[in-house]
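Please read the structure below before turning to the comments.
Any read-out appearing in this document is the output of simple, stated calculations on the displayed coordinates, not a laboratory observation. A quick note: this is a predicted structure, and the numbers were derived from the prediction, not measured. Cβ placement follows ideal geometry from the backbone for every residue including glycine, while neighbour counts extend to all protein chains displayed.
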């Protein structure tokens, strides 16, 4: 192509970068002030949650009348994949006492703690849609919050969390989150996780957006990767049974409580019947639904399956109306649009900067506020930079990180980020990178209590699939923390539950019949079916000529 | 009314601009094409896609060889050769741009052995690595593992650290490992480097690093229920009270 590229950018973008270089020394000591509550309120009108359209009321089920994004309602108001006629429930393939669905940080932690509480390894079964460990957990970059320094306390963590969630979080669940946080850090140390430490042996603890104290722990910018690979290794050493590429396509109930699940082989199409006393749902979130047409930071399998299945079984949901957009997704180059640029970049000094080279927002607002300010700058004030593919973004001034922390800092603290940009010819130490908000997290989900119990007996939920922890907006570093806190609690409580529960429930799909009846009574006519298991990205031209003959 | 109209169009404009990554590229928008060969068969695909998205464009729906799609999970290890070259190269399908004349195949699984151990009971010296991975002694220093690594890790160097029992250096060099398995698949000595790195890092984390004193203090305080009263009050506080407490927070100095 004729387009000239300089240092990985088209010439016109490279010219605009010079403005960012020019203002850097001025911006170094000047940062816009944090917003007042009124200013926050005002800018939030540009947040996708509040912008007009894109959502509607649920017509059926326990949460009838609640509001949710259209993409979510479409899956709730969809017909189940199977009915009574499709499966033979009399032949049981697996009978673990505890079935865990999903092998990210939450599910894997739950399995280990159930085992530590005395449930034998062979009485646990972990099933995965893709490979064990394929999860959003592994992509968590920035860190994990825990109030473990002398000037910090669980109470301060509590107030930051509940204020960040606009006071909608469940207080008893938040209490569990903040009180267990140091316990989780202690556990990670015992397992041999490499948490960043200062020369004096204390943890490196950084800012997270919306917090009043520096309490974000990290493992460079591979925090989730390190946490998950260590916990997964521990799981494997305990020889807990695991099956991969077997998503759950429906839960089984005795009409009321959950008694098992139907698994489906993603490659051969064969189904398996699992009978269990407890099911722990740990399937993650919904980024791959591309709510409001946003790109996502999420894993390929993040398709909301866990919430859909739990709702079929009658579980209550909470905070279905809010979605977290991460303020800093990559906006250029096209190959990485929507990929996560960790918040830790901003807590280490990087600033969002507009087309004129000016900073326009305090870099560490809570995520919904920060994202709204960036959308406003690009589309209302028209101070964004247009990319060759038509996307708009603002700069994230990454070179400022080394101005503030010294040369070589990015190499040490952000090896993953640096590597990602290098693959596309961009040096983030030298030049800023272009960003725009990206779909990141499912704030709500299946409502849990402090012991990860849902409203349905025998069904637990932990990790992103669970709701109530973060209210209507999650703070940075509380997600990886939440997965391990509530995974652990689910494992511990499920272990107690299976010890005192002697009988196994009947296996039926009666709840599915009931669900289909609700859909019909509500006159929902559609060929939509859910869960969707995986998103569809095949080329349109190829799809148009595909036929099924074999 | 006028304002609401603007808001709607903002969301629509954002969705429109993101279409190439959310619902797939439209053929009419493509300016440049390249030819790639997926397991030998040629497909014409847009030039600015990655191997992963190009295969999807060609009609493949992944159930293997795909995971996070952003370079963290190691599911999409791929071996390729460029037209006219003899050299086999490795990369992650989600992080490698397609090039004209690329011949490729994915290696989504490695049938490697993972030994079972309990790090709480193992000695913190070289013997633990030799006990579970005796094959590291067979390393011929060919460096094929390092060349195969899509994370540019000096894999051979950390295997040498393992042989010396240098846990700290091993942890540092191997830290960015995403366990894709390409090193092990290429190793002529049948070493499973990423598992060696995993055990080595855990041993260093458990025994080489000291648990911070402030964490130990906090755990004792929690066991003594030091914060319970304060949290009892917060858990039952009204929204008004919480709003007040939130506004009164004092931000720690930078």
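Distances between every pair of Cα atoms in region B:10-104, grouped in 10 Å steps from 0 to the bin holding the largest one, split as 16, 46, 30, 7, 1, 0 percent. Taking the Kirkwood radius as Rh and the Cα radius of gyration as Rg, region A:159-262 has a ratio of Rg/Rh equal to 1.08.
Taking all Cα pairs closer than 8 Å and separated by 6 or more residues, the relative contact order of chain B comes to 14 percent. Taking a ≥ b ≥ c as the square roots of the eigenvalues of the alpha-carbon gyration tensor, region A:46-185 is classed oblate because a/c is 1.5 or more while a/b is no larger than b/c. Ranked for footprinting exposure by Cβ neighbours inside 10 Å, fewest first, A:203, A:486, A:550 give A:550, A:203, A:486. Pairwise Cα distances in region B:119-208 exceed 19 Å for 29 percent of all pairs. Would you mind checking the tilt of helix A:105-116 against the longest principal axis of the Cα atoms of chain A, expressed as 0 to 90 degrees and rounded to 10? The two axes meet at around 50 degrees. Mind checking which of B:12, B:166, B:125 has the largest fluctuation in a GNM of chain B, springs on alpha carbons under 10 Å? Highest fluctuation of the listed residues: B:12. To test your reading of the geometry: what angle, between 0 and 90 degrees and rounded to tens, separates the Cα axis of helix A:171-191 from the longest principal axis of chain A? Between helix and principal axis, roughly 80 degrees. Cα centroid separation, region B:63-82 to region B:84-138: 13 Å.
What is the protein assembly as shown by shape, rounded, prolate or oblate, if you read a ≥ b ≥ c off the alpha carbon gyration tensor as root eigenvalues and call it rounded for a/c under 1.5, prolate for a/b larger than b/c, and oblate otherwise? Kindly include the intermediate steps, with their values, before the conclusion.
Working: a/c = 1.10, a/b = 1.06, b/c = 1.04.
It is rounded, given that a/c, with a ≥ b ≥ c, falls under 1.5.
Rounded to the nearest 10 degrees, the angle from helix A:11-28 to the longest Cα principal axis of chain A is 80 degrees.
At a 10 Å Cβ-Cβ cut-off, how would you order B:157, A:233, A:29, fewest neighbours first? Write down the numbers at each step before the final one.
Numbers: B:157 17, A:233 22, A:29 7.
So the residues, fewest neighbours to most, are A:29, B:157, A:233.
Distance between the C-alpha centers of region A:209-223 and region A:364-425? Whole Å please. Their Cα centres are 18 Å away from one another.
Counting pairs of alpha carbon atoms under 8 Å apart in space and at least six apart in sequence, what relative contact order in percent does chain A give? It would help to have the intermediate numbers written out before the result.
Values: 1267 pairs, mean separation 139.5, N = 550.
Relative contact order of chain A: 25 percent.
Listing A:141, B:99, A:343 from fewest to most neighbouring C-beta atoms within 10 Å gives B:99, A:141, A:343.
Rounded to the nearest 500, what is chain B's calculated 222 nm mean residue ellipticity when only DSSP H runs of at least 4 contribute -39500 (n - 2.57) each, over all residues? Working shown, then result.
Values: 11 runs with 103 residues, N = 254.
Helix contribution divided over all residues of chain B: -11500 deg cm²/dmol.
Put simply, chain B fits an ellipsoid with semi-axes of 41, 38, 13 Å; these come from the alpha carbon gyration tensor as the roots of five times its eigenvalues, largest first. Centre-to-centre separation between the Cα atoms of region A:178-203 and those of region A:49-67: 40 Å.
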